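Reviewing the structure listed below.
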Amino acid sequence: MTFELIKDLVKLLLIVAFLFVALSVYLGWKQRAWTAFAEKHRFSILMTLVLAIVGIKVSEDVVNRESGPFDVLVLQFIHANVASSLTGLFEAATISGSARVLLPLVISMVVALLCAKRRFEALLITVSVLSGSMTVYVLKAAVGRARPALWDTQWYWGSSFPSGHTLVVAALATATVISANRIWPGSRKFVMSIALVWVFSVGISRLVLGVHWPTDVLAAVCIGMFLPLAIGIVLESLYA
């Protein structure tokens, strides 16, 4: 299993490297007007490619049912090593990624940004969260993966793949980091730290509570981060 994991990782890195180099060569040859834009957003483009490739790979393993042993092993390890006294803390983390928290939070953020005349940031957050929510429903309906049943857990609606809580939180957190970096560049590290802690807390809470498989959460993080990065690049090109 370890050898296969390393082999897959090397393949993914090679694919990302090839796509990035190919894109750079194409822009320099055919689309020179975009070269400066691509150079300025090189990190975002690279991260977008990485997240897309990893997300596709994990999703492929889920659809082909190749991730089963890994998923079961990780869930059993978490269940055996996380104290039951911490369940309340993880339930709170899950609630922070629920619609009843995210909906008023997103509305407040968008209204505040519009009042501050930050249309780019307001649009980025709105489109990121909406596209993330739509992606969750489409993938759940398309994949139809059964939720874990390794121990008694609270029942949740819908199929397991992907983790909706994690995906939407990752989308909102990433869009917030991008927005904060545009408004207050000096706050990037602080906002990014908070965002990473939030996404990790929500993602791991879904595993501790036993309502998602690890690959559900991993794919959700990749897709959730990919969407605002890709949307941000598109919006930057339009606003440039």
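Bear in mind these aren't lab numbers, they're just calculated from the coordinates by the rules spelled out. This is a predicted model, so every value here is computed, not measured. Methodologically, a virtual Cβ is constructed for each residue, glycine included, from the backbone with ideal geometry; neighbour enumeration extends over all protein chains shown.
Can you give me the long-range amide H partners of R145? Hydrogens built in the peptide plane at 1.01 Å from N, cutoff under 5 Å, separation of 5 or more residues or another chain.
Amide H to amide H, under 5 Å and 5 or more residues apart or across chains, R145 pairs with S160, F161.
Which chymotrypsin sites (Phe, Trp or Tyr not before Pro) in region 88-184 sit in a loop by DSSP (not H, G, I, E or B) and have at most 14 other Cβ atoms within 10 Å of their own Cβ? It would help to have the intermediate numbers written out before the result.
Values: sites: F90, F120, Y137, W151, W155, Y156, W157; in loops: W151, W155, Y156, W157.
Listed in order of number, the matching sites are W151, W155, W157.
For region 57-151, take the convex hull of the Cα atoms, compute a quarter of its surface area, and give me that in nm², please.
Numbers: hull surface 33.8 nm².
The directionally averaged projection comes out at 8.5 nm².
Which order do peptides 53-66, 96-109 fall in by mean Cβ count within 10 Å, highest first? Provide the component values of the computation, followed by the final result.
Values: 53-66: 16.6, 96-109: 14.5.
So the order, starting with the most tightly packed, is 53-66, 96-109.
Give me the distance in nm between label points sitting 7 Å out from Cα along the Cα-to-Cβ direction at V72 and L86, one decimal.
2.5
log₁₀ I(q)/I(0) of region 69-239 at q = 0.11, 0.15, 0.16 Å⁻¹, via Debye over equal Cα point scatterers, no solvent, to two decimals?
-0.47, -0.82, -0.92
With a cut-off of 8 Å between alpha carbons and a minimum separation of six or more residues, what is the relative contact order of region 69-239 in percent?
Relative contact order, region 69-239: 33 percent.
Using Cα-Cα distances under 8 Å and only pairs 6 or more residues apart, what relative contact order does region 91-178 have, in percent? Write out the running numbers ahead of the final one.
Numbers: 63 pairs, mean separation 28.3, N = 88.
Once divided by the residue count of region 91-178, the mean separation gives 32 percent.
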